[in-house]
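Undergrad: My structure is below; once you've seen it, I'll send some questions.
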Amino acid sequence: MVVNEQQAEIVRYIFASILSGKSTHKIADELNNRKVPTKKGGRWTATTIRGMVSNEKYIGDALLQKTYTVDVLTKKRIKNNGIVPQYYVENSHEAIIPREVFMQVQEELVRRRIVHTSP
């Protein structure tokens, strides 16, 4: 994997924004207002942002077999919920986000979930 520096800047912005207290909805709105396209050229959503900040690829690691093929003829793939083994490879490629920042974001998201769901 080779880092696309233009896309990496957006990724760094998203992680920094989470740590500065912005919600995933606010980040998505800001990126859409600035006309920043997603990797596939679409619009940003809070779900897209949440998926990105939980993706280990940004710290240079790789979780293998997140999905698996159920039908080789149709090439249908489904999410792996423990049916086939998964393998976690650390430092498999160049990181965009420092591991410490990634972990801080994960802790912040857990904190927000607890605050949001507390009675």
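Undergrad: Please calculate how many Å² of accessible area the chain carries per residue, with a 1.4 Å probe and no DNA, RNA or ligand atoms counted. Working shown, then result.
TA: Values: 8300 Å² over 119 residues.
Computed with neighbouring chains in place, this is 70 Å² per residue.
Undergrad: Relative contact order for the chain: what is it in percent, counting Cα pairs under 8 Å that are at least 6 residues apart?
TA: Values: 117 pairs, mean separation 32.7, N = 119.
Value for the chain: 28 percent.
Undergrad: So if R0 is 35 Å, what FRET efficiency would N33 and T117 give, r being the distance between their Cβ atoms, rounded to the nearest 0.05?
TA: On the way: r = 29 Å, r/R0 = 0.84.
It comes out at approximately 0.75.
Undergrad: Starting from the 7 Å offset along Cα-to-Cβ, what nm value, one decimal, do you get for the label separation of S54 and T74?
TA: 2.6
Undergrad: I need the per residue convex hull volume for the chain, using only the alpha carbons, in cubic angstrom as a whole number.
TA: Normalising the Cα hull of the chain by residue number yields 149 Å³.
Undergrad: Given a 1.4 angstrom probe, I'd like the percentage of the accessible area of the chain that is carbon and sulfur, rounded to a whole number. Let's see the in-between values first.
TA: Details: 4650 of 8300 Å².
Summing carbon and sulfur atoms, their accessible area is 56 percent of the total for the chain.
Undergrad: Can you pull the one-decimal nm distance between simple spin-label points at E108 and T67, each 7 Å off the Cα toward Cβ?
TA: Taking the two extended label points, one gets 2.9 nm.
Undergrad: Right, another one. With a ≥ b ≥ c the root eigenvalues of the C-alpha gyration tensor of region 51-119, is it rounded (a/c under 1.5), prolate (a/b larger than b/c) or oblate?
TA: Numbers: a/c = 3.03, a/b = 1.46, b/c = 2.07.
The shape class here is oblate.
Undergrad: Against the 2.2 N^0.38 Å scaling, with N counting residues, where does region 1-55 land? I'd like the Cα-based Rg ratio to two decimal places. Present the calculation step by step, with values, prior to reporting the outcome.
TA: Details: Rg = 10.6 Å, N = 55, 2.2 N^0.38 = 10.1 Å.
Rounded to two decimals, the normalised Rg is 1.05.
Undergrad: Suppose a student asked you for the relative contact order of region 43-88, using Cα pairs under 8 Å spaced at least 6 residues apart; what percent would you report? Numbers along the way, then the final one.
TA: On the way: 35 pairs, mean separation 14.6, N = 46.
After rounding, I find 32 percent.
The values are calculated or read from the model by the stated rules, or taken from the named source; none is laboratory data. None of these values were measured; they are calculated from a predicted model. We place every Cβ from the backbone using ideal geometry, glycine too, and count neighbours over all the protein chains shown. Please note that ligands, DNA and RNA were not included when accessible areas were found on the heavy atoms of the full protein model with its side chains. Shrake-Rupley method; radii C 1.70, N 1.55, O 1.52, S 1.80 Å.
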